[in-house]
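This report concerns only the one structure given below.
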Amino acid sequence: MAAINGYPALAELHGRDLLSSADLTAEQTLALLQLAADLKAGRIQVDLAGKTLGLIFSKASTRTRVSFTVAMARLGGQTLDLNPQVTQVGRGEPVADTARVLSRYVDALAIRTFAQEELADYAHWASIPVINALTDLEHPCQTLADFLTLQEAFGEIGGLTLAYVGDGNNVAHSLMLCGALLGVHVRIGCPVGFEPDGAVLEQSRTLAAAHGGSVEVLHGPVAAVRGAHALYTDVWASMGQEEEKAERERAFAGWCLNEELLAEADPRAIVLHCLPAYRGLEISAGAMEGSASRIFDQAENRLHAQQALLAALLGR
Ligand code: CP
Ligand code: NVA
């Protein structure tokens, strides 16, 4: 399996965790995107025969679950569903015990949960790579697919302007951190009270300063998207915020990513959404289905980006 030797920046990722987009350097992120593009084009093959990825998902998932499962299958490995409902995790077995036991059976864990601290706890106790498959704080696997999609549309990523309009949530946080690393100008447009986390904002601004990008928070949708190369949105109420849905719909009135907003962006601008989407709320049906939309390529790219990540963490 000499394959990934051609990506020297990935050597240090072997056996590591991916808990945050900021766990990667700019060089590692770009190398992962290159490997993902090469895997997608069939220019390279990686063999993870005999490797098993455990999936511990405490929240619903279509894309992440299926793309990780198919990614492992395509690489010759396998996945195991270790959801809390079917394991002793649901009965309260401590993370310290679960993580140490599972490390004796499987080669990596992809975990979707609420608190970032719980993910960090798994990573602390596990002796195998732990991958963030979404927490309330971040969604780094999504972001790799997002920047792969931008790379396909524009070639060079550094210097582009990415406007995210909506809630300052997990998806926004990973876009800010990864975008900052890649020298992207990231604009977060959100209503007052729905800004991204202050610590993530500070961290992403530090990274942006070192890599030639910027991270701005704006409170008007038009100001956020003007001249941008990519318009991105996500649901207004994330998993775990179901009870706030009605209140959030009121607060986000006027923040729909629609054709009018798209007209304010760069003429080459693409439309992105991590999915699942609510048409008529955070995005219009027209923006989703229009010619600028790359949303379904973006969803496909989850598969290629995660194959690259698994190859880097587990390949030799
Ligand atoms: N975008 C994303 O993570 O989708 P799922 O919740 O379906 O995995
Ligand atoms: N922000 C959303 C993303 C879903 C993929 C959530 O956390 O529910």
Number of the condition not met by residue 195 [criteria: (1) free of Cβ contacts under 8 Å to residues at least 40 places away in the same chain; (2) among the acidic types (Asp, Glu); (3) closer than 30 Å to residue 85 by Cα]
(3)
Going by the structure shown, is residue 20 modelled with pLDDT of 95 or more and within 16 Å of the chain's Cα centre (by Cα)?
yes
Per the filter on region 230-243, residues open to solvent by 30 Å² or more (accessible area, probe 1.4 Å), farther than 16 Å from residue 195 by Cα and out of contact with any Lys or Arg (no Cβ under 6 Å at 6 or more places or on another chain) are 240, 242, 243
Output the number of residues of region 265-316 satisfying the condition of being of a type in the set (S, T, N, Q) and free of Cβ contacts under 8 Å to residues at least 24 places away in the same chain.
2
Search region 18-52 for residues being polar (S, T, N, Q) and open to solvent by less than 30 Å² (accessible area, probe 1.4 Å), and hand back the single one that is nearest to residue 131 (Cα to Cα).
20
Any idea which residue in region 185-239 is nearest to ligand 2 (Cβ to nearest atom), counting only those that are under 18 Å from the mean Cα position of the chain (by Cα) and among the acidic types (Asp, Glu)?
234
Inspect all residues belonging to region 127-138 and state whether any of them is part of a helix (DSSP H, G or I), more than 16 Å from ligand 1 (Cβ to nearest atom), polar (S, T, N, Q) and open to solvent by 20 Å² or more (accessible area, probe 1.4 Å).
no
Got at least one residue in region 160-181 being open to solvent by less than 40 Å² (accessible area, probe 1.4 Å), modelled with pLDDT of 95 or more, out of contact with any Ser or Thr (no Cβ under 8 Å at 6 or more places or on another chain) and farther than 29 Å from residue 281 by Cβ?
no
Here the residues within region 261-278 that are within 16 Å of ligand 1 (Cβ to nearest atom), of a type outside the set (A, V, I, L, M, F, W, C) and either open to solvent by 10 Å² or more (accessible area, probe 1.4 Å) or more than 20 Å from the chain's Cα centre (by Cα) (or both) are 276, 278
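A quick yes/no check of all residues on (1) open to solvent by 70 Å² or more (accessible area, probe 1.4 Å); (2) in contact with a strand residue (DSSP E or B) (Cβ under 9 Å, 6 or more places away or on another chain); (3) within 16 Å of ligand 2 (Cβ to nearest atom); (4) not in a loop (DSSP other than H, G, I, E, B):
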{"site": "54", "(1), (2), (3), (4)": "no, yes, no, yes"}
{"site": "69", "(1), (2), (3), (4)": "no, yes, no, yes"}
{"site": "76", "(1), (2), (3), (4)": "no, no, no, no"}
{"site": "80", "(1), (2), (3), (4)": "yes, yes, no, yes"}
{"site": "98", "(1), (2), (3), (4)": "no, yes, no, yes"}
Right, residue 207: within 16 Å of ligand 1 (Cβ to nearest atom) and touching a residue at least 24 places away in the same chain (Cβ under 8 Å) or not?
no
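The values are calculated or read from the model by the stated rules, or taken from the named source; none is laboratory data. The structure displayed is predicted, hence computed values, not measured ones. As a convention, Cβ positions derive from the backbone with ideal geometry for all residues, glycine included, and neighbour counts pool all protein chains shown. Surface accessibility is based on the protein's heavy atoms, side chains included, excluding ligands, DNA and RNA. Shrake-Rupley method; radii C 1.70, N 1.55, O 1.52, S 1.80 Å.
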